[in-house]
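The values are calculated or read from the model by the stated rules, or taken from the named source; none is laboratory data. Predicted, not measured: the structure shown is a model, and the values here were computed from it. Neighbour counts run over all protein chains shown; Cβ positions are idealised from the backbone, glycine included.
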Amino acid sequence: MKINLKKTGAGTKRTEFYFDESGQDTGGELFIVAGVAVKDSDALRERCISLESTSGKGRAKWAEAKRTKRLAYLRTAVSDVSSFGGTVFYSVFRKTTDYDGATVEGIAQAYHKLSIPDSSVFVYVDALGNKKGHNYKTRLRKLGCSVKKVRGKKGENEPLIRLADAVAGAAAELLKYDSEDLGEIFSQAKQRGTLVEL
């Protein structure tokens, strides 16, 4: 799978990944790592802000938003992401409490799923501290991921982290409760190629 990458500087391509997770409350039974890979983060960011407003979800995390509002947001967001050169991914991990290890593996899976020739890759993870960011970068490079930067961004300040949170939360809810409406959203998005389970 390929995404069209935006260029920065003197023709340099740039890919941005935004990641969040869900499932620490299950004690390791189920852990989801979700991410957004995008070429035009500014345009998708503005679209997500608009969808948060029109759906009524606002900046609330998936677990805190009213169900009808978060479903309305998710349904349109995963459909629109490809219009901005983006793709949404998620990875499912079971029987592990190594959440950092699973997050790094989920990021690496997404990285290797894309064709990223001659691209500067920037990875943003919800609420990741500077020390842990350096650790993630080292671990990702050992997994063959040539990343330029790994840093934290808070979901309350970053709409693309909130999109990743919604996908992670929705995937966890779908796997726990086999929700019919979420199953339909995921199935349609997978058929369009805008949502990929790694």
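Just a few scattered comments:
- All of A102, A72 fail the test of being farther than 23 Å from R14 by Cβ and free of Cβ contacts under 8 Å to residues at least 60 places away in the same chain, apart from A72.
- In region 101-115, residue modelled with the lowest pLDDT [restricted to those that are of a type outside the set (S, T, Y) and touching a Lys or Arg at 6+ places or on another chain (Cβ under 7 Å)]: L114
- In region 24-43, the residue that is surrounded by the most Cβ atoms within 10 Å (Cβ to Cβ) out of those that are closer than 16 Å to F89 by Cα and more than 11 Å from the chain's Cα centre (by Cα) is F31.
- You will find that of S53, S41, S120, S91, the residue that is in contact with a strand residue (DSSP E or B) (Cβ under 7 Å, 6 or more places away or on another chain), farther than 20 Å from L195 by Cα and of a type in the set (S, T, N, Q) is S120 and no other.
- Checking region 126-146 against the condition returns no match, with no residue being among the charged types (D, E, K, R) and at pLDDT below 95.
- Whichever residue in region 50-75 is outside any helix (DSSP H, G or I) and within 14 Å of A164 (Cα to Cα) and, among such residues, is nearest to the chain's Cα centre (by Cα): K61
- All conditions but one from (1) out of contact with any helix residue (DSSP H, G or I) (no Cβ under 9 Å at 6 or more places or on another chain); (2) closer than 28 Å to I49 by Cβ apply to K142; the one that does not is (2).
- All positions within region 115-145 that are surrounded by 12 or more Cβ atoms within 10 Å (Cβ to Cβ), under 21 Å from K39 (Cβ atoms) and hydroxyl-bearing (S, T, Y): S119, S120, Y124
- Looking across region 22-56, the residues that are among the hydrophobic types (A, V, I, L, M, F, W, C) and out of contact with any Phe, Trp or Tyr (no Cβ under 8 Å at 6 or more places or on another chain) come down to C48, I49.
- Comparison of K176, K132, K190 shows that the only residue that is more than 19 Å from A72 (Cβ to Cβ), touching a residue at least 40 places away in the same chain (Cβ under 8 Å), of a type in the set (K, R) and part of a helix (DSSP H, G or I) is K176.
- Condition met for F93 (farther than 14 Å from V33 by Cβ and among the aromatic types (F, W, Y)): no
- The number of residues in region 154-175 that are out of contact with any Leu (no Cβ under 7 Å at 6 or more places or on another chain) and either at pLDDT 95 or above or buried (at least 23 other Cβ atoms within 10 Å of the Cβ) (or both) comes to 11.
- Looking at V167, V78, V92, just one residue is part of a strand (DSSP E or B), under 26 Å from A65 (Cβ atoms) and in contact (Cβ under 8 Å) with a residue 60 or more places away in the chain, and that residue is V92.
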